[in-house]
Amino acid sequence: MVAFRQALLICVLAVPPAGVTALLHPRSPWRTADVPLAPFEVTVAQASHWGANVLWVDARSTVDYGAGHIPGAVALSESDWEKQFAAFVDVWSPERKVVVYCSQLECSASRHVAERLREDLGSVEVYFLRGGYEAWKAAHP
Amino acid sequence: MIVIPFLRIASRVVLSAVFLWAGWAKIYDPAAFVREVENYRLIGGLLARLTAVYLPWLEVLMGLALWMPNLRRGAAWLALWLMLAFTVALGLAWWRGLDISCGCFGSAAPGASNLPLLMVRDLLLAAAAALLTARERHPAERRTR
């Protein structure tokens, strides 16, 4: 019981410095706008610059996709991969850059779908969108 | 038996050094550590961010607490459970065929890691922590036996 109390105290003592890190650290995850782009990560501005050469891929659930998506985007989520991959291949061509997006900054589905597409297609022109659908909507009010 | 006290000191030194190094390396760049956490595909989003800012400090405090008489048994128990949790996370990543960097020391070692080897390392560290969870007998207590 003493050891448990000690362990609990250590866990509690870690909270304040973690909070300070979250709020003030220059590389805090809550300041990702300042963080350099990861490999294969693109911004809305970059993707928009590619124009019609971009094939948008929506990595969110079919419900979210149905509620609204980037015009021309095809749905392809990890959970429905087997059902949706054929439809994706129908519209994909090697010349087009693929940009995968999920809902927002915190989501990671787009990165995972992009990785899987790069493996399955053998193409390096598969990117994921920083900020996801929320960032795209903010840039296209 | 002189071996056990020696093993306890060696375990304390190694565990403390590993946790201080691992924690400090991650504190240096929490944003990069979020990606390492997400690579395991166990947690994401807000939980991954909270882990990225909390876990490094927990490791640093554990590294220090292992030397504090009033906290060291608790720190040893925490270290044991944390090393077992890391082993499970590595095992799941290996089982799912993920080709990832372990992120054990932040972004200090980019590139794919040898996950089975890291699991063995973490189990050895867990064993070291388990050794420290046992109550240490006072020297006077030992002499009476």
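The values are calculated or read from the model by the stated rules, or taken from the named source; none is laboratory data. Source: prediction; values computed, not measured. Because the Cβ atoms are built from the backbone with ideal geometry, glycine has one as well, and the counts that use them run over all protein chains shown. Protein only, heavy atoms only, side chains kept; ligands, DNA and RNA dropped before computing areas. Shrake-Rupley method; radii C 1.70, N 1.55, O 1.52, S 1.80 Å.
Here is how the numbers come out for the structure above:
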{"quantity": "From the options B:ARG41, B:ARG73, B:ARG8, B:ARG12, residue that is in contact (Cβ under 8 Å) with a residue 60 or more places away in the chain and within 8 Å of another protein chain (Cβ to nearest Cβ)", "calculated": "B:ARG73"}
{"quantity": "Among residues of region A:65-77, those that are open to solvent by 60 Å² or more (accessible area, probe 1.4 Å) and in contact with a helix residue (DSSP H, G or I) (Cβ under 8 Å, 6 or more places away or on another chain), counted", "calculated": "1"}
{"quantity": "Output for region B:14-50, where each listed residue is open to solvent by 70 Å² or more (accessible area, probe 1.4 Å) and assigned to a helix (DSSP H, G or I)", "calculated": "B:VAL14, B:TRP21, B:TRP24, B:LEU46, B:LEU47, B:LEU50"}
{"quantity": "Meets criteria (within 14 Å of chain B (Cβ to nearest Cβ) and surrounded by fewer than 11 Cβ atoms within 10 Å (Cβ to Cβ)) for A:VAL20", "calculated": "no"}
{"quantity": "Candidate set from region A:78-115 (those that are within 14 Å of another protein chain (Cβ to nearest Cβ) and among the hydroxyl-bearing types (Ser, Thr, Tyr)); member that is surrounded by the fewest Cβ atoms within 10 Å (Cβ to Cβ)", "calculated": "A:SER79"}
